[in-house]
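Contents: one structure, followed by commentary.
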Amino acid sequence: MSDDSLNIYESAANTLGLFNSPCLAKVELRVTCKGISDRDALSKPDPCVLIKMKSHGQWLEVDRTEVIRSSISPTFSKVFTVDFYFEEVQRLRYELYDISSNHNGIKEADFLGAMECTLGQIVSQRKLTKPLLKQGSTVSKSFIMVTAEELTGNDDYVELSFSARKLDDKDFFSKSDPFLEIFRMNDDDTLQLVHRTETVMNNLNPVWKTFKTSLNSLCSGDHDRPLKCTVWDWDSNGKHDYIGEYQATFKEMRGAMDGRQVQWECINPKYQIKKKNYKNSGIVILNQFKLPFDCHLSSQVAIDFTASNGDPHNSCSLHYIHPYQPNEYLKALVAVGEICQDYDSDKMFPAFGFGAQIPPDFKCYCVCVLFWVFPTYVYGCAGIQGVVEAYQTCLPKLQLYGPTNIAPIIQKVASSASQEMHTKEAMQYFILLILTDGVITDMADTREAIVQASHLPMSIIIVGVGSADFSDMQMLDGDDGILRSPKGEPCLRDIVQFVPFRNFKHGSPAELAKTVLAEVPNQVVDYYNNKGIKPKVPSEFESSRTFAP
C-alpha cells in the first residue's frame, strides 16, 4: 500500500476511534488448587472457587466452579470464558470455600483463602500460581493455579452426549457410581482436563448429561489430537475407583454427527494383563455430536460514484479528494469494513464501482485491485486497506456520472451465491456492502433483485452516506413490512440491513458494529434452516477453494 493510502486509512480509523478502542479477545480460564488445609480433622474439604471481577470499586461474582467432594487438591472442570481487553486493567479475585455436603450455599461455607490478580497477569504468564491468603492477609500453605488459553480461530462449540453400558461393578453392596473425565493431550505430553461429567449413582449403564465445550479446548484445532477418556466409580471419601479408559480423537467423534453412535471399549490395562479372558470393563458410547454451522463469509463492497455525490475536487463533495483527511465515503468504508472483515474467510474484498464514466485507458489505472460492473474487471482487494487504495487510485481518473443503478450489482453477487446454493452445502455465504448517497434510479429492478436474492445464501448491508433523504433505503430494509417485487412477490427472507452512517460517525465503533451486524446472524441461520442444509465438518472445507465473483 502506498504511503498516502496508508495515511488516509489510518486517519479514517483514528477519526472513528477504531485504533483507540480496546483490543478484545476471549480467554478460557481453568482453576486447580493444591494442598488445601483440612479444617475438619475427620473429613476432607469440599472445595468450590468463586471468581469475582472488580467493577466501580466493588467485587462482583462472575461465576463459580462446581463443588468437588473430599479433595485437598482439586482440578475443577468448570471453564470460565472472559473478555480480555489489552488496554484495560481487569482485576480478578478467586475465593476458595469449603462447601458443606448438606448444602451448596456460600454464606454458611468455610472461607479457605483468596487470591487477587489481573487478567493481564494470567494471560501473559499462561499459568499463574499464587498462594491463597486467609483472613488478615495471612499466607496459607494452599496454592491456586489459574491457566489461560486464548480462543483464536477455533472458538466454535461442539455439543456432546455420552452414555455407557455394562461397566464393571466396583461396589460390594450396590452398583458403581460412574463419571467420565475427558483430557486433551498437549504437545508436551501433559494432560488438560476438558470436561468431567456428573456422577450417575448406582448404575452400570449411565447416561450422562449433554454438555458443550469449545473446539479450542477439545483439540486446539487438531482433529487428530489424542483425547484420554477415563471412567471412574465415585467414592464419597475422594478415593475414586478406576474402571477403565480409552483414547479418542475429534475425527472419530464427528462420526456421530448424523445421529449414528460411536463407541469405544473401556479398558483397564491391569485386568488386560492379569485376566486371560478379559475383553473390556464396559462400552462408552457417544450418542450425540453437534457442530455449529461451519459457514464461511465472503464480503463484497460496492461504492457509489454518481454525480449526485458532488465534484470530488469540491470540499462539499462526499468524495472530496484531500491528501490527509478522509471524506465521508472513506470514513464509512473503514468503519463498516473493519467490522465485516473480521468475519470474512479470506480477507479478500471484491470491490465494485458504479455510476461513473470510465476513460478508455482506465484499465491501466486499475492496478488489478478494483471490480467494476460495466465493464467488469475481475480482481479483489486485500482487506479494507486494499479497497481504500483502489478507491484512491481510481477516484481522480473518473468522471462521476450516473445513473444510480444498484440492481446490476445485486444480480452480480447473486450469481455467485446461486452457484454456491447448488452445492447443497453450508459453506459460503455472501455479504454485499453497498455505500451510496441514497438516490436510487432503478428502484423497481432493485426490489426485484432483492426478492430473488432472498432465496440465496446472501445478505445486503446498505450504508447511507451523507445527509440525503433515505426513505427509499428504509423501504428496502423491510423492517416496516415485507418487501415485494413490482409483481407482488414477497421476499422469502429479510436480507437487507440499512444503516445511515450520519447517525454513527461520531459514536462508538461498538455501537456501529451492533447496528450493522444486528440482523446478519439470524439471516444466515434462517437461510440454512429453510434449505434444510446441515453444516459441513470444518476439516472437509478446502481453504484454497476459490469462487468466481
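A few comments on the model shown:
- Residues that are outside any loop (DSSP other than H, G, I, E, B), modelled with pLDDT of 85 or more and in the same structural domain as VAL520 (by the TED database) do not occur anywhere in region 364-374.
- ASP311 being open to solvent by less than 30 Å² (accessible area, probe 1.4 Å), touching a strand residue (DSSP E or B) at 6+ places or on another chain (Cβ under 9 Å) and of a type in the set (D, E, K, R): no
- Across region 265-277, the qualifying residues are those that are part of a loop (DSSP other than H, G, I, E, B) and modelled with pLDDT of 95 or more, and the one among them that is nearest to ASN202 (Cα to Cα) is CYS266.
- Among (1) assigned to a loop (DSSP other than H, G, I, E, B); (2) open to solvent by less than 90 Å² (accessible area, probe 1.4 Å) - the single one LYS107 does not satisfy: (2)
- Residues of region 450-476 satisfying the condition of being under 22 Å from LEU297 (Cβ atoms) and open to solvent by 10 Å² or more (accessible area, probe 1.4 Å): GLN452, HIS455, LEU456
- Test: residue in region 327-336 that is closer than 20 Å to GLY402 by Cβ, in a loop (DSSP other than H, G, I, E, B) and either outside the structural domain of ILE460 (by the TED database) or modelled with pLDDT of 90 or more (or both): yes
- Number of the exception - TYR528 against (1) within 19 Å of the chain's Cα centre (by Cα); (2) at pLDDT 75 or above; (3) open to solvent by 60 Å² or more (accessible area, probe 1.4 Å): (3)
- Filtered by the rule that a residue be touching a Ser or Thr at 6+ places or on another chain (Cβ under 7 Å), open to solvent by 10 Å² or more (accessible area, probe 1.4 Å) and in a helix (DSSP H, G or I), region 386-408 gives GLU389, GLN392.
- If you check SER315, SER281, SER299 for being touching a helix residue (DSSP H, G or I) at 6+ places or on another chain (Cβ under 9 Å) and part of a loop (DSSP other than H, G, I, E, B), only one passes: SER281.
- Looking only at region 477-496, and only at residues there that are modelled with pLDDT under 90 and not small (Gly, Ala, Ser), the one that is least open to solvent (accessible area, probe 1.4 Å): ASP477
- Residues in region 326-357 that are in contact with a Cys (Cβ under 7 Å, 6 or more places away or on another chain) and among the β-branched types (Val, Ile, Thr): 0 in all.
- Residue that is surrounded by the fewest Cβ atoms within 10 Å (Cβ to Cβ) [pool: residues in region 110-126 that are closer than 23 Å to SER37 by Cβ and in contact with a Ser or Thr (Cβ under 9 Å, 6 or more places away or on another chain)]: ASP110
- ILE339 being of a type outside the set (Phe, Trp, Tyr) and either surrounded by fewer than 17 Cβ atoms within 10 Å (Cβ to Cβ) or not in a strand (DSSP E or B) (or both): yes
- Only listed residue being under 16 Å from ILE495 (Cα atoms), of a type in the set (Ser, Thr, Tyr) and part of a helix (DSSP H, G or I), chosen from SER418, SER459: SER418
- Qualifying residue in region 478-485 (condition: under 20 Å from THR306 (Cα atoms) and either polar (S, T, N, Q) or in a helix (DSSP H, G or I) (or both)): no
- Residues satisfying the stated conditions in region 130-151, i.e. open to solvent by 80 Å² or more (accessible area, probe 1.4 Å) and either under 19 Å from VAL207 (Cβ atoms) or hydroxyl-bearing (Ser, Thr, Tyr) (or both): SER137
The values are calculated or read from the model by the stated rules, or taken from the named source; none is laboratory data. Since the structure is predicted, the reported quantities are computational estimates derived from the model, not experimental observations. As a convention, Cβ positions derive from the backbone with ideal geometry for all residues, glycine included, and neighbour counts pool all protein chains shown. For the accessible areas, the whole protein counts, side chains as well, though only heavy atoms, and no ligand, DNA or RNA atoms are used. Shrake-Rupley method; radii C 1.70, N 1.55, O 1.52, S 1.80 Å.
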